[in-house]
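Visitor: Next up is a structure, given as structure tokens.
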């Protein structure tokens, strides 16, 4: 099966290279414009949104959560894709209500240099974690961690994706996303039909875990519904695609991406649910799927992971280049500097694979928890239109969210037991609630203090006039 999967990887890689024209301008490399200066259309934008957010890690997480926690675990992960709905509202407010051309420009206007520093720090970590996690999935598919097959798969996959990403930048990413999404959908439909026809997709198998609000699956679903308000704003891949087309095309692309993504995640995650319902004691998910479905469905299962990993990686690299060169302005906005940035981010991602944490969900939970510092920004400054929130409120919320993310990491990894012996998702829920409540409190106090100074300001203005 590894040989068949390698052939598929090679085919997708060659096709991606052929579809990646060399970028001739900064607009093509960083803004995704065609050689004639045209913006991407609705279909390309929708498919690009979906395929870049249905990462290999996401598919595997949805299946694993279904395997351990039943349908509720898969639904919990699918709930994160409601981020497209809140993301659409965020983009519409930033671009068309407030008139900014990037999230960084909005934060700089509201909170100065600290606004962009904190944000760039969080999304920088997000980008590296995306590269690391998707490459890690590829390595796992081809061999045991540390084996020669594992090392070769990781390095080869990274090099091929980096080459065609460096060639065409965001324009190439959009073109390859369309092809990769079509291939992904075809394979997913075949896999779904195969699973249904095998007789394993019964109601009994899908509902083998009854709903209990205190179980990890439903608790994680609540966590997702809390984090979904801020999660899209900290994802540069999604946000970058919100600044490429006109208002109506952008709005429709987010709305269609939402339902398509949720459906795809549920369909794929259901394989994990079915495996969990028939697993023997101590049996791994892949072993169960192989036993009940056979070699061909498992090959299709793995192909979807490979295609989604490649589509996510090229988009992540494009956003990495834009972050360093355009948003942070660490280098002149040239194509060559963008390519250098891509190479550096890929190197950091590879270091994470060989040296970092191997828990796939830890990356999404960490970044999702850290992103909660943006929720008060969205509620008060973006949607509420408040321009007088003090910087200390922003920084206090940022430090709180960062501390919460680190606390969850050490608690879930078993390094500490400061929050007791509860399940890690129960701890994540408690941490998320505290960050949201205190963060909004910090913003409200800052707003009230500024209002209390208004009579003094008016008196001073009257005196000087």
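Here, each number is a calculation from the coordinates, and none is a lab measurement. Bear in mind that the values here come from a model prediction, so they are computed numbers and not experimental data. Counting neighbours? That spans all protein chains shown, and the Cβs are built from the backbone with ideal geometry, glycine included.
Visitor: Using a Förster radius of 51 Å, what is the FRET efficiency between residue 159 and residue 423 based on their Cβ-Cβ separation? Nearest 0.05, please.
Guide: Details: r = 40 Å, r/R0 = 0.78.
After rounding, the FRET efficiency stands at 0.80.
Visitor: Sort the following peptides by mean Cβ neighbour count (other Cβ atoms within 10 Å, averaged over residues), highest first: 23-32, 110-119.
Guide: On the way: 23-32: 20.8, 110-119: 18.9.
In decreasing order of mean packing, 23-32, 110-119 become 23-32, 110-119.
Visitor: Something else about it: How big is the shadow of the Cα convex hull of region 260-392, averaged over all directions, in nm²?
Guide: Numbers: hull surface 52.3 nm².
Orientation-averaged projected area of the Cα hull: 13.1 nm².
Visitor: Please give the Cα centre distance for region 92-141 versus region 45-86, rounded to the nearest Å.
Guide: Using only Cα atoms to place each centre, the spacing works out to 20 Å.
Visitor: Another one. Semi-axes of region 25-109's equivalent ellipsoid from the Cα gyration tensor, sqrt of 5 times each eigenvalue, largest first, rounded to whole Å? Kindly include the intermediate steps, with their values, before the conclusion.
Guide: Details: eigenvalues 201, 67, 24 Å².
In descending order, the three semi-axes are 32, 18, 11 Å.
Visitor: Please give the peptides 311-324, 187-200, 433-446 ranked by average Cβ packing (other Cβ atoms within 10 Å per residue), highest first, as a rough proxy for protection.
Guide: Values: 311-324: 27.5, 187-200: 15.8, 433-446: 18.6.
Averaged packing, sorted descending, gives the order 311-324, 433-446, 187-200.
Visitor: Then there's this: Running Debye on region 116-166 with equal point scatterers at the Cα sites and no solvent, what base-10 log of I(q)/I(0) appears at q = 0.21, 0.26 Å⁻¹?
Guide: These q points yield log10 I(q)/I(0) values of -0.75, -0.91.
Visitor: Could you grab the relative contact order for the chain? Cα pairs under 8 Å, six or more apart, rounded to a whole percent.
Guide: Values: 693 pairs, mean separation 133.5, N = 465.
Computed value for the chain: 29 percent relative contact order.
Visitor: Right, something else. Could you tell me how many degrees, from 0 to 90 and to the nearest 10, lie between the Cα long axis of helix 56-69 and the main elongation axis, the longest principal axis, of the Cα atoms of the chain?
Guide: 80
Visitor: Any idea what the relative contact order of region 61-130 is, in percent, if you count C-alpha pairs under 8 Å spaced at least 6 apart? Please report the intermediate quantities before stating the final value.
Guide: Numbers: 29 pairs, mean separation 9.6, N = 70.
Reported as a whole number, the value is 14 percent.
Visitor: According to the square roots a ≥ b ≥ c of the eigenvalues of the Cα gyration tensor, what is the shape class of region 159-232, taking rounded for a/c under 1.5, prolate for a/b larger than b/c otherwise, and oblate for the remainder? Intermediate values should be presented prior to the final figure.
Guide: On the way: a/c = 3.81, a/b = 1.48, b/c = 2.57.
In terms of gyration-tensor shape, oblate.
Visitor: Quick check: the angle from helix 247-277's long axis to the longest principal axis of the chain, C-alpha only, nearest 10 degrees?
Guide: 40
Visitor: May I pose another question? Using the beta-carbon distance between residue 433 and residue 387 and R0 = 22 Å, what value does 1/(1 + (r/R0)^6) give for FRET efficiency, to the nearest 0.05? Don't jump to the answer; show the numbers that get you there.
Guide: Working: r = 28 Å, r/R0 = 1.27.
Computed FRET efficiency for residue 433 and residue 387: 0.20.
Visitor: Over what distance in Å are the Cα centres of region 250-299 and region 227-249 separated?
Guide: 26
Visitor: In addition: So how much slack lies between residue 247 and residue 186, counting 0.36 nm per residue of separation and subtracting their Cα-Cα distance, in nm?
Guide: Working: separation 61, 0.36 × 61 = 21.96 nm, distance 3.01 nm.
Gain on extension, residue 247 to residue 186, equals 19.0 nm.
Visitor: Now for a separate question. With n ≥ 4 as the cut-off for DSSP H runs, can you work out [θ] at 222 nm for the chain, using -39500 (n - 2.57) per run divided by the number of residues, rounded to the nearest 500? Provide the component values of the computation, followed by the final result.
Guide: Details: 20 runs with 340 residues, N = 465.
Computed ellipticity for the chain at 222 nm equals -24500 deg cm²/dmol.
Visitor: Moving to a separate point now. Which value, to two decimals, describes the C-alpha radius of gyration of region 334-436 once divided by 2.2 N^0.38 Å? Please report the intermediate quantities before stating the final value.
Guide: Values: Rg = 17.3 Å, N = 103, 2.2 N^0.38 = 12.8 Å.
Compactness ratio reported: 1.35.
Visitor: Additional query: Can you give the angle from 0 to 90° between the axis of helix 454-464 and the longest principal axis of the chain, with both taken from C-alpha atoms, to the nearest 10?
Guide: Roughly 40 degrees between the two axes.
Visitor: Ranking 329, 449 by Cβ neighbours within 10 Å, fewest first, what do you get? Provide the component values of the computation, followed by the final result.
Guide: Values: 329 10, 449 13.
Ascending Cβ contact count within 10 Å gives the list 329, 449.
Visitor: Once you have a ≥ b ≥ c as the square roots of the Cα gyration tensor eigenvalues for region 1-67, tell me rounded if a/c is under 1.5, and otherwise prolate or oblate according to whether a/b is larger than b/c. Each step should come with its number before you reach the end.
Guide: On the way: a/c = 3.29, a/b = 1.57, b/c = 2.10.
Oblate is the answer for region 1-67, as a/c is 1.5 or above yet b/c matches or exceeds a/b.
Visitor: Still on this model: On the first, second and third principal axes, largest extent first, how far apart are the outermost C-alpha atoms of the chain in Å?
Guide: So the extents along the principal axes, rounded to whole Å, are 84, 56, 40.
Visitor: Could you estimate the translational diffusion coefficient of region 58-99 from the Stokes-Einstein equation, with Rh from the Kirkwood formula over C-alpha pairs, at 25 °C and 0.890 mPa s, in whole µm²/s? Let's see the in-between values first.
Guide: Numbers: Rh = 11.6 Å.
Result for D is 211 µm²/s.
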